[in-house]
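The values are calculated or read from the model by the stated rules, or taken from the named source; none is laboratory data. No experiment lies behind these values; they were computed from the predicted model shown. Positions of Cβ are generated from backbone atoms using ideal geometry, with glycine treated the same way; all protein chains shown enter the neighbour counts. All accessible areas refer to the heavy atoms of the entire protein, side chains included, with ligands and DNA or RNA removed. Shrake-Rupley method; radii C 1.70, N 1.55, O 1.52, S 1.80 Å.
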Amino acid sequence: MAETIWVYAEISDDRITTTSLEMLAKASEAGTAEAILLGPAPDDAVQTLAKHGASKIYHSADAIYRNYLTLPAAETVVNLIQKHAPAVMLFASSYAGRDLVANLSARLDCGAITDVGDFQLKDGSVEATIPALGASYQNTSTLVSSGTKLLIVRPKSFEPKVNEQAVAVEEVPAASDEGLRKVHMKERVVVKREGPSLEGAKVVISGGRGLKGEEQFAILKELADVLGGAVGASRAAVDAGWVPYAMQIGQTGKTVKPDIYFAVGISGAVQHLSGMKTSKFIITINKDPEAPIFQYSDFGVVGDLFKIVPQLIEELKKRKGA
């Protein structure tokens with residue numbers, strides 16, 4: 001009999017997150033996939049989860065899960081785990097996922113594995129693969145404790161797949177204890193975004209320290225507009241205050257997996273590589289021929305980015321007839 005694997009489904013921009021759908025694909029492959037969906041969600045959320053492999057969904061639309069952080073969700077999930085005892089539960093490596101797993105791990109005294117790139121059920125336990133040093137090495141880790149195994153999964157570890165299931169929905173009572181309302185969301189600030197999101201973009205143009213300033217990111221934006229892509233940045237550019245954190249790619253930022261990744265003025269520190277190394281095709285523009293990122297590039301140009309990028313834009317526009 002297939003083991004039951006749960007996925008904690010998250011909502012962002014009024015839709016189920018891509019990482020949630022990626023985890024469902026893996027859960028369906030490894031066992032019987034089920035999902036937990038807590039808080040207000042779009043009308044098609046249940047159908048979306050079923051379409052991507054969930055055969056059962058534990059659901060509550062109560063706003064407490066949106067307005068009060070971690071504690072109400074942790075209370076509900078603990079009760080569900082204790083009642084149904086799934087073999088494995090998967091969480092995205094997001095702020096919500098990490099906070100929730102830390103709470104659950106302590107309450108269930110079960111430990112957890114973070115930064116998971118893959119896993120398999122083996123001999124009644126779970127063996128997780130964890131990329132290290134920018135995915136240059138793969139380590140394995142196993143939870144030996146009994147009970148449900150908690151895994152925090154890296155974005156882009158799996159490909160979402162359509163695997164539509166007949167779905168059963170079980171409504172669960174919302175957490176009501178006043179003691180769970182200690183941490184309240186006071187305000188949400190939405191950063192306006194132009195063009196595709198970094199996570200879903202097929203083309204990403206990313207800039208680093210070599211751009212020398214905030215204003216120089218304009219040429220990357222122009223290149224992104226021509227290619228229909230999104231602009232990202234290394235941590236060095238974010239730490240310098242040139243661009244917002246929402247654009248950061250790397251170990252402490254976003255993980256992307258585009259068809260084409262442009263690394264412009266980026267040296268290729270391990271932390272950055274961990275967020276983009278699985279891109280299908282990597283193009284690097286850097287004046288330093290010894291920059292580490294060239295080792296991971298499919299095509300590299302050694303030269304002045306301030307000359308090369310405008311020439312590239314001009315040539316692309318010419319070919320498009322713009």
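Here the Gaussian network model covers the chain, with springs between Cα atoms less than 10 Å apart; of Lys277, Lys192, Lys212, Lys192 fluctuates the most.
Do the alpha carbons of any pairs in Lys161/Lys257; Lys122/Lys254; Lys56/Lys186; Lys149/Lys254; Lys56/Lys182 sit beyond 21 Å of each other, and which pairs?
On the way: Lys161/Lys257 16 Å; Lys122/Lys254 30 Å; Lys56/Lys186 33 Å; Lys149/Lys254 25 Å; Lys56/Lys182 31 Å.
In this structure, Lys122/Lys254; Lys56/Lys186; Lys149/Lys254; Lys56/Lys182 exceed 21 Å between Cα atoms.
All Cα-Cα separations within the chain were binned at 10 Å from zero, giving a P(r) of 6, 25, 30, 23, 13, 4, 0, each value a whole percent of the pairs. Result for the chain in a Gaussian network model with C-alpha springs under 10 Å: among Ser105, Ser234, Ser176, the largest mean-square fluctuation is at Ser176.
What whole-number value in cubic angstrom gives the convex hull volume per residue for the C-alpha atoms of region 1-68? Don't jump to the answer; show the numbers that get you there.
Values: hull volume 5.1 nm³, N = 68.
Hull volume over Cα atoms, normalised by residue count, gives 75 Å³.
Translational diffusion of region 216-304, estimated by Stokes-Einstein from the Kirkwood radius over alpha carbon pairs at 4 °C in a medium of 1.567 mPa s, is 99 µm² per second. Report the gain in length on full extension from Asp225 to Arg209: 0.36 nm times residue separation, minus Cα-Cα distance, nm rounded to one decimal. Residue separation times 0.36 nm, minus the Cα-Cα distance, leaves 3.6 nm.
Rounded to the nearest 10 degrees, the angle from helix 217-227 to the longest Cα principal axis of the chain is 80 degrees. A cut-off under 11 angstrom between Cβ atoms defines the neighbours of Leu21, and their net charge, with Lys, Arg +1 and Asp, Glu -1, is +1. Building the convex hull from the alpha-carbon atoms of region 131-257 and averaging its projection over directions returns 13.7 nm².
With a 10 Å radius around each residue's Cβ, average the other Cβ atoms per peptide and rank 119-130, 39-50, highest first. Mind showing how you got there, number by number?
Details: 119-130: 15.8, 39-50: 17.9.
Ranking, from highest mean packing down: 39-50, 119-130.
A Förster radius of 45 Å, combined with the Cβ-Cβ distance separating Lys122 from Met185, puts the computed FRET efficiency at roughly 0.70. Averaged per residue, region 1-120 has 40 square angstrom of accessible surface, using a 1.4 angstrom probe with ligands and nucleic acids left out. In plain terms, the chain from Lys318 to Gln138 could stretch by 60.4 nm, reckoned as 0.36 nm per residue minus the Cα-Cα distance. Compared with the direct C-alpha span, the chain from Val78 to Ala166 gains 29.1 nm at full extension, assuming 0.36 nm per residue.
Translational diffusion of region 73-127, estimated by Stokes-Einstein from the Kirkwood radius over alpha carbon pairs at 37 °C in a medium of 0.692 mPa s, is 272 µm² per second.
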